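Since the structure comes first, as structure tokens, the remarks are kept for the end.
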Amino acid sequence: MNKLLLLILVLNVCRVGDACAQRTLYSEELSIKTLRESASGEYLGRTHLDAYQLVIFTKDSTWSMNIGSENGGIKCFDFHPVKPLIAIGSYSGAVELWDFREKILLWSHTVHDKQVNDVKFSPVDDFVATCGADGKIRFLRTDSGDPIKEYKLPSPVNSIEFHPVHKNVFATGDHEGNIVVWKTDAEKATRTIKAHTSYVFDLEFSSDGEKLLSASHDHTIKTWQFSTGTLLHTSEGHSKTVYSISISPDGKTFASGGFDREIGIWNLQTGGNIKFLSGHKDYVNVVHFTLEGHLLSGSRDGTLRIWDNTK
């Protein structure tokens, strides 16, 4: 059976709390690098490390797009909140916009001097936000890719996340361990939090925007009261870099994954560890709770796993 169709089948039948503890889908390609879900939950996309193929699937169909090798492979991507568009950031510094249903490249521009580390559509305005290893944060018009605004930090910027309520507010995480808070209509940062002792790799807001989680090379996840910048909890237990975090749809727990091959399940209110899930044989590059409550994990070992024992 086609592995993508098998994944679709498992997503349909394996719910949190069912008898299946986990399902493993092996890839014949490279390390699974990125998973992202559309705002509606209709589409789920995945890429592989240093690969040129992006696969997007629903419960009854799939799309596969080959991205030009001249851009060095796909580093990150994001779905438009409404339209069938996807923005792609590459290792070469280029950003592309595709109509993924028609498989049409709408535009491609070299935006960063080094690799693009994250790309996100603005939730309210018609632009794409990008950040890169060159320390730049850039806004690009969705319709043309033309630049709108640029910010510059002294070190690589690894992640960018828009606030779910105050949609003109966003946060970035960088190589100096900082969380920097911005407003899209301001020329400078509004606040800088010295969050970690090493790189901040991932950020995620709670659904009400009250909390911001940060994952770091210093092996920790930290929970912040966003309005004040106050540290609420430090979650410790990983023995190596924490590379990815995801909050469950019910807002009770969050998952973490990283270079120790473990997936941590944590209480969002207390920051305390509930359990660790083992099984991957190499780095966990991404964890993701779907809108339906499935926990997915992608690893450098070439497997995509679906877990239900997350409570």
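Things to note:
- Highest-fluctuation residue, GLU292, GLU161, GLU204 considered, GNM on the chain with Cα pairs under 10 Å: GLU292
- Subtracting the Cα-Cα distance of ASP125 and ASP146 from their residue separation scaled by 0.36 nm leaves 6.1 nm.
- Separation of the SER239 and SER207 label points, Cα + 7 Å toward Cβ, nm: 3.6 nm
- Springs between Cα atoms under 10 Å define the GNM used for the chain, and in it the highest mean-square fluctuation of ASP208, ASP134, ASP282 occurs at ASP208.
- Evaluating 6.51 cos²θ - 1.76 cosθ + 1.60 at θ = phi - 60° for every residue in the stretch 116-125, the Karplus couplings come out as 8, 8, 7, 9, 9, 6, 5, x, 10, 9 Hz, glycine and proline recorded as x.
- Restraint check, LYS75/LYS136; LYS136/LYS194; LYS59/LYS83; LYS103/LYS136; LYS120/LYS183, Cα-Cα greater than 22 Å: LYS103/LYS136
- Sparse packing (at most 15 other Cβ atoms within 10 Å of the Cβ) combined with a DSSP loop state is found for the following GluC sites (Glu not before Pro) in the stretch 48-106: GLU102.
- Pair GLU102, ALA39: separation of 7 Å Cα→Cβ label points (nm): 2.1 nm
- Mean residue ellipticity, 222 nm, helices only, the chain: the sum of -39500 (n - 2.57) across DSSP H runs of n ≥ 4, divided by residue count and rounded to 500, is -1000 deg cm²/dmol.
- Three-way shape call for the chain based on the alpha-carbon gyration tensor, with the a/c threshold at 1.5: oblate
- Candidates VAL119, VAL55, VAL165: whichever shows maximal mean-square fluctuation once the chain is modelled as a Gaussian network with Cα springs under 10 Å: VAL165
- Cα centroid separation, the stretch 49-100 to the stretch 126-154 (Å): 18 Å
- In percent, rounded to a whole number, the relative contact order of the stretch 3-307 is 12, using alpha-carbon pairs under 8 Å and six or more apart.
- For the stretch 225-288, applying the loop criterion from DSSP together with a ceiling of 16 other beta carbons within 10 Å to the trypsin sites (Lys or Arg not before Pro) yields LYS240, LYS252, LYS281.
- Three-way shape call for the stretch 210-285 based on the alpha-carbon gyration tensor, with the a/c threshold at 1.5: prolate
Laboratory data are not the source of any read-out in this text; all were calculated from the coordinates shown. Computed from a predicted structure; not experimentally measured. So basically every Cβ, Gly included, is an ideal-geometry build from the backbone, and we count neighbours across all protein chains shown.
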